[in-house]
1. For the chain, what is the charge dipole size about the Cα centre, in debye to the nearest 20, if Lys and Arg each add +1 at the Cβ and Asp and Glu each add -1 at the Cβ?
2. Enter the Cα centre distance for the pair the range 131-210 and the range 293-353, rounded to the nearest angstrom.
3. Sort the following peptides by mean Cβ neighbour count (other Cβ atoms within 10 Å, averaged over residues), highest first: 337-343, 144-150.
4. Run the simple label-point estimate for ALA224 and PHE256 please: 7 Å along Cα→C-beta, distance reported in nm.
5. Restricting to Cα pairs below 8 Å that are 6+ residues apart, what does the relative contact order work out to for the chain? Please round to a whole percent.
6. In nm, what is the difference between 0.36 nm times the number of residues separating SER265 and LYS204 and their Cα-Cα distance?
7. What percent does the relative contact order of the range 88-202 come to when contacts are Cα pairs within less than 8 Å and at least six residues apart?
8. Among ILE275, ILE34, ILE6, flag the residue with its Cα farthest along the positive direction of the charge dipole of the chain, charges on Cβ as +1 for Lys/Arg and -1 for Asp/Glu.
Amino acid sequence: MKALIIAAGNGTRMQPVTRGRHKSLMNLLGLKIIERVILGAKEAGINEFVIVTGYKGKIFQRFIGDGSKYGVDISFVQNDDWEKANGLSVLKAKHKFHENFVLLMSDHVFDYHTLKRLIRIKLKNDECALAIDRTLESVLDVADTTKVVAHCGRVNTIGKHLEKYNAYDTGMFLCSPVIFKVLSQTTRKGKYSLTNGMNVLVGKSKLRTFDIRGNFWSDCDTYADIKFAENKLLKNLSKSADGVVSKRFNRKISGFITRFLVKTSVTPNMISFLIPVMAIFSFFILSIGSQMSFILGGILIQFLSIIDGCDGEISRLKFQKSVFGAWLDPILDRYVDMFLIAGMAYGYWNATGNDIVLFMAVMVIFADVLQDYMSAKFFIITGRKLRASLDFPFKRDMRMLVLAIGAVTGQVLISFFIFALFVNLKVALKIVNVKRFSNQIAI
């Protein structure tokens, strides 16, 4: 499936900060706005784009190029009547589309998961679908946002000046070529906006709705909108797999750090490799065994736990995810854990001469590695993820916090005992889960 992106307007409301530049070339957390649109669509599985340009069209086209730097194919259509409304820009690309396509705005950023689901809709030949947001607190400038009255999966009314509405137009459409037919009709009458054409479909009950279910999207019409979009993007960096400590504490700080790192040339892999180096430094600090070294080491442990989220946050914000990075990250995590545990154990033994801490350190490291190995081995054998019906939250963020508290308070043995107890309990529960489901799985 191909995507049509409208990028013809001059962004009047952004002019105080663009100063004659195209507003879609404004920066948004390390990428241009238009780059976020293209790369988001690419993540959703779209590799062919047609972009309609107008204002500053040649400059815009030179910056974007043929799409090779994004790993996609991009062609352009120039709309010299760009001062008219955006429906005319869509119509200018009519000759480029003969099948269903995605229609996007160059200044609307979005969660690619939404687009991935949108393109799965099966449209009839005379239908289009609009992605709507029913979360009415999700926009900054309500007055300038296109509003929708949606009912029973259809758009009943659409427009910017509706007094009563139950959703917002997110600027993401799945269109059949019928859109060109209706826009031809409306532009002949001097009505040039895309909304004019959509209202023709609304009148025939042919504009379907697609609920984005609260997923991220933002319209970047003004500089205030860009800052609003930045905050929304950063708030959406949490993952469903995050533990309690990550959600309530770590992500707040890592997101603050990422806000600055994402605007630099720092890559996710750079951070992934930096963390083990810092862990080695922490090992030597902890191994001294003094009260101050344990306090400093404990602070470093928690800091490492926090910045461990930055590599993933940058990769998601800048669309730099890779198979290598996803494979490497958990391996480096194990190195980090072992350096920290070994440093705590040696420092405690150095200070007290208590040999029990060495045994406890072995138990902690073994349990930490084993629980991940069990899940990986289950997947290798069965091709399925190990779904734990019996489990409790003691993820890596919580384990790192236990170590950090143990170091800061000097209660290394107690923290090792808690760590080993809960991790080995998780190991035991995984054994129970595997046993329970083994008879249901054909190998």
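The values are calculated or read from the model by the stated rules, or taken from the named source; none is laboratory data. Everything numeric in this text was worked out from a predicted model, so none of it was measured. No Cβ is skipped: glycine too gets one built from the backbone with ideal geometry, and neighbour counts run over all protein chains shown. With ligands, DNA and RNA removed, areas are computed over all heavy atoms of the protein, side chains included. Shrake-Rupley method; radii C 1.70, N 1.55, O 1.52, S 1.80 Å.
1. In total the dipole reaches around 1440 debye.
2. 48 Å
3. My ranking of the peptides, most packed first, is 337-343, 144-150.
4. Going by the 7 Å Cα→Cβ label model, 2.6 nm.
5. 13 percent
6. Full extension of this stretch gives 16.9 nm more.
7. Relative contact order of the range 88-202: 35 percent.
8. Most positive-ward Cα: ILE6.
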